[in-house]
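The values are calculated or read from the model by the stated rules, or taken from the named source; none is laboratory data. Note that the structure is a prediction, hence the values are computed from the model and not measured. No Cβ is skipped: glycine too gets one built from the backbone with ideal geometry, and neighbour counts run over all protein chains shown. Accessible surface areas use protein heavy atoms only, side chains included; no ligands, DNA or RNA. Shrake-Rupley method; radii C 1.70, N 1.55, O 1.52, S 1.80 Å.
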Amino acid sequence: QVQLVESGGGLVQPGGSLRLSCAASGRIFSINGMGWYRQAPGRERELVARSTSGASTNYADFVKGRFTISRDNAKNTVYLQMNSLKPEDTAVYYCNLDYNTDWYRRLEVWGQGTLVTVSL
């Protein structure tokens, strides 16, 4: 029932910026965390940034100082502000929701992915 819809990807020049958004809808009892992962060709999916229900955040080393994750809890939406983009940031970015559908049932759901291409 819960679904994530991502948007904001596209083509940007090196040094440019993009803002990704991910909106969750459906039956959500509580959110444990929302985060962003990415997968480049030939690579495994990797963590980019994550925000927990306690407002703590963690970032991959390769994006620290450039990317910022934020949440709008009222809208069940998470954002990823990406600045100073590099060609190596090119990947499909996936939103992840770690949530409870009931007090006793913890689940995960993934967004459909949005392509970010950093190139001249």
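Quick check on LEU115: is it open to solvent by 70 Å² or more (accessible area, probe 1.4 Å), in contact with a Gly (Cβ under 8 Å, 6 or more places away or on another chain) and either modelled with pLDDT of 95 or more or closer than 24 Å to VAL12 by Cα (or both)? Taking the combined requirement at face value, the residue satisfies it. Within the range 99-120, if we keep just the residues that are assigned to a strand (DSSP E or B) and under 15 Å from the mean Cα position of the chain (by Cα), the residue that is nearest to SER51 (Cα to Cα) turns out to be TYR99. Of all residues in the range 60-81, those satisfying the criterion of being polar (S, T, N, Q) and either over 25 Å from ARG27 (Cβ atoms) or not in a strand (DSSP E or B) (or both) are THR68, ASN73, ASN76, GLN81. Quick check on my filter: what residues within the range 60-78 are on the phi < 0 side of the Ramachandran plot, surrounded by 19 or more Cβ atoms within 10 Å (Cβ to Cβ) and not aliphatic (A, V, I, L, M)? If the condition is that a residue be on the phi < 0 side of the Ramachandran plot, surrounded by 19 or more Cβ atoms within 10 Å (Cβ to Cβ) and not aliphatic (A, V, I, L, M), then PHE67, ARG71 are the ones that fit. Put simply, of LEU11, LEU4 the only residue that is within 16 Å of the chain's Cα centre (by Cα) and either at pLDDT 95 or above or not aliphatic (A, V, I, L, M) (or both) is LEU4.
A count restricted to the range 1-30 and to residues that are hydrophobic (A, V, I, L, M, F, W, C) and open to solvent by 60 Å² or more (accessible area, probe 1.4 Å) stands at 3. Has the range 82-98 got any residue that is in a strand (DSSP E or B) and either among the basic types (Lys, Arg) or open to solvent by 60 Å² or more (accessible area, probe 1.4 Å) (or both)? For the range 82-98, residues in a strand (DSSP E or B) and either among the basic types (Lys, Arg) or open to solvent by 60 Å² or more (accessible area, probe 1.4 Å) (or both): absent.
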